[in-house]
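Take a look at the structure below.
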Amino acid sequence: MYLTGIADEASQNIETQIKVTQELGWNAIESRFINGQNIHDLSEDAFDQVCETLDGSGVHINAFGSAIANWGKDVRDDFSITQAEIDRTIPRMKKLGARFVRVMSYKVLEDVELMVEERIKRLRHIL
């Protein structure tokens, strides 16, 4: 068993996220934001720097707190936006050995029937 948390609530800086996680006696971070960007939206260079910073720290990324299908997106938006996030997330999860990704379920729309049907369809496609 291990404890994990969303460390960006302590800081946007990965070094501080690691330090706070260590101070809690934990060894895992559910990574969401680093330097104001979701971990799947960082540039390749910035992501590589995160990997280097984690290396040897005793802290690992166990899960991605992604923005995939999050409430800030409209379920009627082009699915290619979601697909691009998935395409960036999976290789990064593999590189870090993260086994979990948190996805949301798009924002609630006024037309509930349309919203539920489309949200379920898209979430099934993600899985």
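The values are calculated or read from the model by the stated rules, or taken from the named source; none is laboratory data. Since the model is a prediction, treat every value here as computed from it, not as a measurement. Counting neighbours? That spans all protein chains shown, and the Cβs are built from the backbone with ideal geometry, glycine included. Note: accessible area is taken over every heavy atom of the protein model, side chains too, but ligands, DNA and RNA are not part of it. Shrake-Rupley method; radii C 1.70, N 1.55, O 1.52, S 1.80 Å.
Taking segment 9-22 as the search range and keeping residues that are at pLDDT 95 or above and of a type in the set (D, E, K, R), which one is nearest to K94 (Cα to Cα)?
Result: E15.
Look at segment 17-59 and say how many of its residues are within 18 Å of the chain's Cα centre (by Cα), farther than 24 Å from E85 by Cβ and polar (S, T, N, Q).
So the count comes out to 2.
Taking the condition out of contact with any Cys (no Cβ under 7 Å at 6 or more places or on another chain), at positive phi and open to solvent by 70 Å² or more (accessible area, probe 1.4 Å), does G97 pass? Reasoning before the result, please.
On the way: out of contact with any Cys (no Cβ under 7 Å at 6 or more places or on another chain): yes; at positive phi: yes; open to solvent by 70 Å² or more (accessible area, probe 1.4 Å): no.
Taking the combined requirement at face value, the residue does not satisfy it.
Could you give me the residue pairs with C-beta distances under 8 Å whose first residue belongs to segment 36-64 and is without any contact (Cβ under 8 Å) to a residue 60 or more places away in the chain and under 28 Å from M1 (Cβ atoms), whose second residue is assigned to a loop (DSSP other than H, G, I, E, B) and among the aromatic types (F, W, Y) wherever it lies, and which are 6+ apart or on separate chains?
These pairs meet every condition: V59/W26.
Test of understanding: among A46, A10, A67, A28, which residue is of a type in the set (A, V, I, L, M, F, W, C), closer than 27 Å to L123 by Cα and open to solvent by 10 Å² or more (accessible area, probe 1.4 Å)?
Details: A46 fails: closer than 27 Å to L123 by Cα; A10 fails: closer than 27 Å to L123 by Cα; A28 fails: open to solvent by 10 Å² or more (accessible area, probe 1.4 Å).
A67 is the lone residue from the list that is of a type in the set (A, V, I, L, M, F, W, C), closer than 27 Å to L123 by Cα and open to solvent by 10 Å² or more (accessible area, probe 1.4 Å).
Does any residue in segment 89-106 that is more than 18 Å from N27 (Cβ to Cβ) come within less than 8 Å, Cβ to Cβ, of a residue that is of a type outside the set (A, V, I, L, M) and in a strand (DSSP E or B) six or more places away or on a different chain, and which pairs are these?
If the second residue must be of a type outside the set (A, V, I, L, M) and in a strand (DSSP E or B), the pairs left are T89/F64; R92/F64; V101/F64; R102/E30; R102/F64; R102/G65.
Scanning segment 70-94 for residues that are more than 26 Å from T16 (Cβ to Cβ) and of a type in the set (A, V, I, L, M, F, W, C), which turns out most open to solvent (accessible area, probe 1.4 Å)?
Out of the qualifying residues, it is W71.
Provide a single number: the residues in segment 11-33 that are out of contact with any Asp or Glu (no Cβ under 9 Å at 6 or more places or on another chain), of a type in the set (S, T, N, Q), under 16 Å from Q49 (Cα atoms) and touching a residue at least 12 places away in the same chain (Cβ under 8 Å).
Counting residues in segment 11-33 that are out of contact with any Asp or Glu (no Cβ under 9 Å at 6 or more places or on another chain), of a type in the set (S, T, N, Q), under 16 Å from Q49 (Cα atoms) and touching a residue at least 12 places away in the same chain (Cβ under 8 Å) gives 2.
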